[in-house]
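The values are calculated or read from the model by the stated rules, or taken from the named source; none is laboratory data. Source: prediction; values computed, not measured. Backbone-built Cβ (ideal geometry, glycine too); neighbour counts: all protein chains shown.
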Amino acid sequence: MATILSAAAPPQRDQQPESEPGRSRERVLGVFRATPFTYATLIVVSAVLCVPLVFVVSIALASDQTVNANTFTIFPREFHWENFTRVFGTDLPMQRFLLNSVIISTGAVIGQVLSSGLVGYAFARLRAPGKNTLFIVVLATMMIPAQITMIPQFILFKELGWVNTYLPLIVPNFFSNAFNVFLVRQFVSRLPSEIDEAAMVDGLGFFGIYRRIMLPMLSPVLIAIGIFTLTATWGDFMGPLIYLNDETKMPLALGVQYITSTSAALQAPPWNLVMVGSILLTLPMILVYYLGQRYLYEMDISGGSAGVK
Amino acid sequence: MSRLRRREAMWFYLFASPWIIGFVVFLLGPMVASIYFSLTDWDSFTPPKFVGLENYTRLLTEDPVFWKALWNTFYYAAISVPLGLGIGLWLANLLNKQVRVRKVFRTLIYLPTLVPLVATAMIFKMVLAPSGPLNDVLGVAGIPGPSWLLEAIWVKPALVLLSVWGAGGATVLLLAAMKGIPRELYEAAEVDGAGSVRQFWSITVPQLTPIIFFNLIMGLIGAFQVFSQVYILTKGGPNNASQMMVPMLFDEAFSFYHMGYASALSWLLFAVILVFTLLAFRTARRWVFYETEVN
Amino acid sequence: MDGTQLSRRGFLGMGLAAGVITLTACGSDSDDKGSSSGNATAASLVMTVWGGENDKTTYQKRIDLLVKKFPELKVTLQLIPSDGYAQKVQTMIAGGKGPDIMQVAESVNVYSSKNQIQPLDELASKAGLDLEKRFGSIGKLYSYQDKVYAIPDRSGAMIVFYNKALFEAKGIKPPTADWTWDDALSAFKELTVPGKQWGYAGSGWWAQWWSFVYQNGGKIIDDSGRPAVATDEVIEALQWSGDLIFKHGVVPTQKQYADMGADVGGDQAFANGKVAVNTTGFWGISGLTKSAIDWDIAPLWRGKEQAVTAFGSGLAISRTAKNPEAALKAIDFLTSPEAQQQIIATGQDVPANIEVQKSDAFLKPAWMTKPVNMNVFGESSDFVYRAPFIPTWNEMQKAFEDGLADFWLGKQDARTALTAIQKRLESIVKPG
C-alpha cells in the first residue's frame, strides 16, 4: 500500500502558485500599480459608503430632545458622549450580553472552521458514488427559507432539551453548512490537481493530503469562513430570540433589539441609544476584519510544507 | 469499482459525514415537516388539517399578492445580483492594487455589511427622503429625485440601492481569491504588452470564475430570499409594491398564523430558486474554469 | 452536476420523519419542572411581556411586590423585544409549553379563538375579582364569544396634545371634548402656516381615523360580526381625514413628513413645533417632559357622538398553564391598586385600574416636570369605543394598510378605497 512510502516527503515547492502579486521587495507589476485615479475612485467610493455611517455617529451623540423632535443632522452638532455610558447604566446587563456574544460566536466559529474545510475538500476532490446527488441536496438546503423550518426546528431542539441553552446556537455549526461547503469546494477546485496527485505518489493518504497540503493553502478561505461566521453569529438576534429565555444568556445583538423596543407600537425608540448600541455591536467586528486581513490577503501560503505548523 | 476507488469513496463519506449528520439530525426533519405542513391547514397551535394541494392552488390561482411578490422578487434579483457582482469585482480589483492604507479602504468598503439593519434602515430613510441628501446630489446633476419610499415605482429601486450599498461584502472572497492567482500569468502578459484592462479581463476574471460563480449562486439565493431589508425598511409597502416572497411568507406564518399556507409558499419559492440555480449550473460549464473538473 | 432526483425511497423516509415531527408538535407538554407542588396555589410561573428597559423595570417592581405578599408564588419575568414578541410566544406555544401568564393586546383573539388562552370568567369570580368594578367600561374589553380571556392591565385613551404657545398666539381656546369636527378644522386652519407649520398632525393611523368613524356612527365590524367599512358613516369619516391633508392643507402630506426626517410622525413633528395638535397615546407625555415647547393635553373632540380609541394591554393565562388558579391570583394582585401604582410611578403607561387613575399618584406623578391635565384620561375613558379585536386582526390591519396606501397619497377617494377594502375584508373576516 501507498502508505508504506514516507508520508513526510513534502510536495514540490515550485508547483505552488505565487500568491502575493506585487508584494514586498518584488517589482510591482503594472496591473497592480495604483494610479492617482485609483486613489480618487477609492476615496470617493469610501466616502459615499461612509456618509450613512457618519449619520449613525451623529445620531448616537444627539441629545434626547433632538431625538424626540427628530431633528438630526448628518454631521454631529452636539456631542453627548454620555450616551455611551448610559447604555451600560440601564437595567439591562449589557456587559453580560457582550460576554454571551463572545461565547456564542467563538463556539460557532470554531465549529465552522473545523468542519467546513473537510467537507468542502471532499466535495471538490474525492470521487464517490452519490456525490452529485448529495451536492444537489447541499445546495437545496439553502433554498428553503429558514423562517419556515424555524418552528419544527424549535420543536426538535426542545425534544433534545436544548432550549434556553447556547447549544442550538453553537452545536449545528460543528456540522458545517451549505454555504461554507460550497465555498470551500469552489476554492479547492481552483488548485491544480497535480498537487494532490504528487502527494498521492509520495504516499500521503487522503487525510494527510487534506491536513498537510490543503489546509495550509485553504487558510485564507477558512479565515474568511471564520469572519463570515463570526459576523453572522454576532449580529444574529432571531436565533437567540427563539431559543433563549434567560436574560443572562442573551447576546448583545438581542440587547440592541431591547433598546429599539418600545412598549407601544407607534412610540419612537430612543434613537441615540439605538445607534450607540449599533456602534458598540459593530466596533468589535470592524476590528476583527481590520486585523484579520493580514491572514486573509497578505499571508504567504506558497509553501506547501508549511502545513506542519 | 477498484479497491482504490472504494477507499476514496469511503474517505469521501467520512469527510462529508459532519455535514451529512448535521443535515439528517437538524435539517431533514424540519424540511420534511414543512412539506407536510404545506399540504395542511395549520395555524401552528391546533392540530394540522390535511387539505391536499389546496394551499398551492390557492397561491397560484387566487392570491393576487403572490404574483405581485414574485414579480417584485424577480425584479429585485434581476437587478441587484448582477449589479452586486459587477461592483464587487470592480471594487475588489481596485483594492488588490498596491494602494497605501489599503487595509483602511478595505475595511471602509466592507463596513456597510457590518452595521445592524435597524441602524441602516433608519439612516436610509433619511438619505432617501424626498429632499434628502441623495436627491440633493441628483438635483445638482439636474435630475429631479423621486419620493423613493413613498412611490410604488421607486420603492424597489430604493431596495436595490440598499443592496448596492452592501456590495463591498463580495470583495472579501474575491480579494482572497485574487491573491491566489499565479504572478507568472501577469508577468507573461506584461511581456506580451497587454494593458491593465486587458489583463483584468483575460487573467483576473477567468481565474476568479469559480468564486464569481459562487457569488452568483449565493447572490441569487440571497436575493430571492431577501427579507430583513424589506421588512424593516418598507414593510412591503406601499400597497405591496415592494412585497417580496419571504416577507410575505413571514407575514402569513407569524402574523396571520397561516403556517400551512406559508409552507406551501416556501416550497414554491424553493422551486423557483432551484430552477434558476440549475440554469446557472448549466451555463457554468461554458464560463467557469476549474483547475480540476468538479463532478 | 447530474440532475439526479431524490429517489422514491428517500421521500418515503422523509414522510416518516414528518410524522414524527407532527406527533411531537401536537402532543407533548412534557418537561415542566418545579411547577405545581403540594400547596394548591404555590407555583412557579413564567410571565411574558414585550417592551424595552422601562417595561422590564416596571413589571419587575410589580412582581417583586407580588412575591413579597405571596411568597408561595414564584414569577419569572421574560421580557421580549416588541417586534419579536408574537413570534416568540407562537413558537413557545407550538413547542408545547407556552408562558403561564402572557401580555396580550389587539390580537388577543388570535389566541382565544384557537383555545390557546383560558376563559377567565369563572376563575375571576371564584377569586372575587369584579372586572367592571375594577376597570370600568373596559372590564370585558378582551372578550371572545362572550367570555373574558384577558384581564385589563394598562389602558389609556388616545388624547389630544396641543401646543399652548401657538394656541395662545392665535387666541384660540384649548381643545375640549365638546369641539365638533368643524371647530377642530377651523382651529387647524388658523394654526397652519403653509409649508412651515400645520394645524394637525393627521389621522393616518387606524387608532386615529377609526375614532372619527365611531364618532360618526360608523363601525368597522358591525354587530353581527361582518365588516362594514363601505358604509356612508365610515366613508365620510375617512374622507374628512383625507380632506384635512389634501383639501384643507392643515395636515402634512407623507412627503412633507418624510422630509422632516426618518420615521417622523405626529409625535416628533409635534415635539419640534411643526404641528400644533397631535392625537396620540400616553407615551407622548414622557417624550415631551424634556421638550422645549409649551404643551398640555385635552380629550379628543367629538363628531355626532363621542368616541375615542384606547391603547392598552391585558394579561392572559395560557392553555398550558399548570396552575391557572395561581396565575389568576398573580394577575389579581398585579392589577390591584398597590401594584398598578408602579405603572405610573415609572412613567410606563396608564394603569387600567380606575381607582389608580383617580389617585394623586396618577394625577401628579413625581417625574412630571410641569402641571399637566392628567384628568383627561379619566374623562376620556367614558368615550372609549369597543374596538373590534377580531381573531384576524393582523390581516384586517394589513388590508387597511394596503388598501389605503393610495388614499393617503391623495390618489384615490375614500369611497373607492373602502369599497375595495370591504370586499377584501369579507374574505378575511368570518362572522362568529
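Summary table below
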{"item": "So B:Pro144, is it touching a Leu at 6+ places or on another chain (Cβ under 9 Å), surrounded by fewer than 17 Cβ atoms within 10 Å (Cβ to Cβ) and free of Cβ contacts under 8 Å to residues at least 40 places away in the same chain", "result": "yes"}
{"item": "Qualifying helices (runs of 4 or more DSSP H) (wholly inside segment B:167-240; at least 1 residues being hydrophobic (A, V, I, L, M, F, W, C), away from chain C (no Cβ under 14 Å) and within 30 Å of C:Ala258 (Cα to Cα))", "result": "B:205-224, B:228-233"}
{"item": "Single unsatisfied condition, B:Ala129 versus (1) among the aliphatic types (A, V, I, L, M); (2) within 14 Å of chain C (Cβ to nearest Cβ); (3) in a helix (DSSP H, G or I); (4) more than 23 Å from B:Leu220 (Cα to Cα)", "result": "(3)"}
{"item": "Residue that is at pLDDT below 95 and either farther than 21 Å from A:Leu218 by Cβ or part of a helix (DSSP H, G or I) (or both), where the choices are A:Thr133, A:Thr165", "result": "A:Thr133"}
{"item": "Hey, C:Leu45 in a helix (DSSP H, G or I), over 21 Å from B:Phe254 (Cα atoms) and more than 13 Å from chain A (Cβ to nearest Cβ) or not", "result": "no"}
{"item": "Qualifying residue in segment B:96-110 (condition: within 14 Å of another protein chain (Cβ to nearest Cβ), assigned to a helix (DSSP H, G or I), in contact (Cβ under 8 Å) with a residue 40 or more places away in the chain and surrounded by fewer than 20 Cβ atoms within 10 Å (Cβ to Cβ))", "result": "no"}
{"item": "Filtered residues of segment C:151-171 (kept if in a loop (DSSP other than H, G, I, E, B) and either in contact with a His (Cβ under 7 Å, 6 or more places away or on another chain) or closer than 26 Å to C:Val213 by Cα (or both))", "result": "C:Met158"}
{"item": "Enumeration of residues in segment C:319-356 that are within 22 Å of the chain's Cα centre (by Cα), in a helix (DSSP H, G or I) and over 29 Å from C:Gly95 (Cβ atoms)", "result": "C:Pro337, C:Ala339, C:Gln340, C:Gln341, C:Gln342, C:Ile343, C:Ile344, C:Ala345, C:Ile354, C:Glu355, C:Val356"}
{"item": "Test: residue in segment C:168-183 that is among the charged types (D, E, K, R), closer than 19 Å to C:Ala298 by Cβ and either crowded, with 19+ Cβ neighbours inside 10 Å or under 22 Å from the mean Cα position of the chain (by Cα) (or both)", "result": "no"}
{"item": "So A:Val119, is it touching a Lys or Arg at 6+ places or on another chain (Cβ under 9 Å) and either in the same structural domain as A:Val288 (by TED's automatic domain parsing) or polar (S, T, N, Q) (or both)", "result": "yes"}
{"item": "Segments classed as helices (runs of 4 or more DSSP H), wholly inside segment A:21-94, with at least 2 members that are under 30 Å from B:Arg198 (Cα atoms) and over 28 Å from the mean Cα position of the chain (by Cα)", "result": "A:36-60"}
{"item": "Extreme residue, farthest from the chain's Cα centre (by Cα), among residues of segment C:368-377 that are of a type outside the set (Val, Ile, Thr) and at pLDDT 90 or above", "result": "C:Asn373"}
{"item": "Residue in segment B:7-17 that is surrounded by fewer than 17 Cβ atoms within 10 Å (Cβ to Cβ), within 10 Å of chain A (Cβ to nearest Cβ), within 28 Å of the chain's Cα centre (by Cα) and without any contact (Cβ under 8 Å) to a residue 24 or more places away in the chain present", "result": "yes"}
{"item": "Contacts under 8 angstrom Cβ, first residue in segment C:240-265 being farther than 17 Å from B:Thr234 by Cα, partner buried (at least 17 other Cβ atoms within 10 Å of the Cβ) and of a type in the set (Lys, Arg), 6 or more apart", "result": "C:Pro252/C:Lys274; C:Met260/C:Lys274"}
{"item": "Lone unmet requirement of (1) at the interface with chain B (Cβ under 7 Å from one of its Cβ atoms); (2) crowded, with 22+ Cβ neighbours inside 10 Å; (3) over 24 Å from the mean Cα position of the chain (by Cα); (4) over 27 Å from B:Val32 (Cβ atoms) for A:Leu204", "result": "(1)"}
{"item": "Residue that is surrounded by the fewest Cβ atoms within 10 Å (Cβ to Cβ), among those in segment B:260-279 that are more than 7 Å from chain A (Cβ to nearest Cβ) and in contact with a helix residue (DSSP H, G or I) (Cβ under 8 Å, 6 or more places away or on another chain)", "result": "B:Val272"}
{"item": "2 or more residues within 14 Å of chain A (Cβ to nearest Cβ): qualifying helices (runs of 4 or more DSSP H) within segment C:66-145", "result": "C:82-94"}
{"item": "Among (1) more than 9 Å from chain B (Cβ to nearest Cβ); (2) crowded, with 18+ Cβ neighbours inside 10 Å; (3) part of a helix (DSSP H, G or I); (4) modelled with pLDDT under 95, the one test that A:Ile104 misses", "result": "(4)"}
{"item": "Selected residue (criterion: nearest to B:Ile123 (Cα to Cα)) from residues of segment B:146-202 that are at pLDDT below 90 and basic (Lys, Arg)", "result": "B:Lys179"}
{"item": "C:Val148 vs. criteria out of contact with any Gly (no Cβ under 6 Å at 6 or more places or on another chain) and of a type in the set (Val, Ile, Thr)", "result": "yes"}
{"item": "Those residues of segment C:185-213 which are aliphatic (A, V, I, L, M), surrounded by fewer than 23 Cβ atoms within 10 Å (Cβ to Cβ) and closer than 17 Å to C:Ile245 by Cα, in sequence order", "result": "C:Leu185, C:Leu191, C:Val193"}
{"item": "Test: residue in segment B:51-74 that is surrounded by fewer than 16 Cβ atoms within 10 Å (Cβ to Cβ), in a loop (DSSP other than H, G, I, E, B) and aliphatic (A, V, I, L, M)", "result": "yes"}
